[in-house]
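The values are calculated or read from the model by the stated rules, or taken from the named source; none is laboratory data. It should be emphasised that the depicted structure is a prediction, and the values quoted were computed from it without experimental measurement. Cβ placement follows ideal geometry from the backbone for every residue including glycine, while neighbour counts extend to all protein chains displayed.
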Amino acid sequence: AALTRRATQVCFALFSLFALWKTQSPTMNPLPKSQHLRLTILEYRNATFSSCHISELSCNKNRKYGFERIGLMLNNAYIKESHINWSHNEIYISFPSPVEWDSWYFVTSTSLGPEHDPVRFVLHSHQGGEWQVV
């Protein structure tokens with residue numbers, strides 16, 4: 001009997017519209033925020049090269065480990081880092097304060113040859129706690 005009343009029908013209609021709207025709206029995951037990143041190279045294309053230290057490499061300071069560039073992006077725009085430190089098989093990227101980002105990139109060197117290209121690596125983010133795998 002209550003289902004035939006106009007007030008009950010309106011209430012059910014509003015409840016249905018709200019439920020439909022709630023299921024259709026995408027849930028927004030917050031963008032990651034990082035102040036420090038670490039890329040650890042686990043293996044290069046040439047397996048014997050992977051055990052070399054930076055002092056043994058014949059490359060200039062802008063092309064260590066077979067990289068031309070590395071960094072973060074937000075909305076398809078590059079984020080300017082404040083410091084990049086190349087240390088043995090790890091690359092550290094630092095920013096003056098935490099930055100939001102939605103992607104990361106690296107460009108390998110064309111002048112060093114493909115044996116310097118990393119084929120296995122892991123990216124970590126650090127923001128006020130421990131290093132977390134990205």
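Here are some notes:
- Residue within the stretch 55-62 that is at pLDDT 60 or above, within 30 Å of residue 97 (Cβ to Cβ) and not β-branched (Val, Ile, Thr) present: no
- Scanning the stretch 78-120 for residues that are aromatic (Phe, Trp, Tyr) and either farther than 17 Å from residue 68 by Cβ or loosely packed, with under 12 Cβ neighbours inside 10 Å (or both) turns up 78, 92, 95, 101, 105.
- Whenever a residue of the stretch 80-91 is of a type outside the set (Ser, Thr, Tyr), its partners that are assigned to a loop (DSSP other than H, G, I, E, B), lying with C-beta atoms within less than 8 angstrom and at least six residues away or across chains, give the pairs 86/61; 88/53.
- Filter result (under 12 Å from the mean Cα position of the chain (by Cα) and part of a loop (DSSP other than H, G, I, E, B)) within the stretch 87-134: 101, 102, 134
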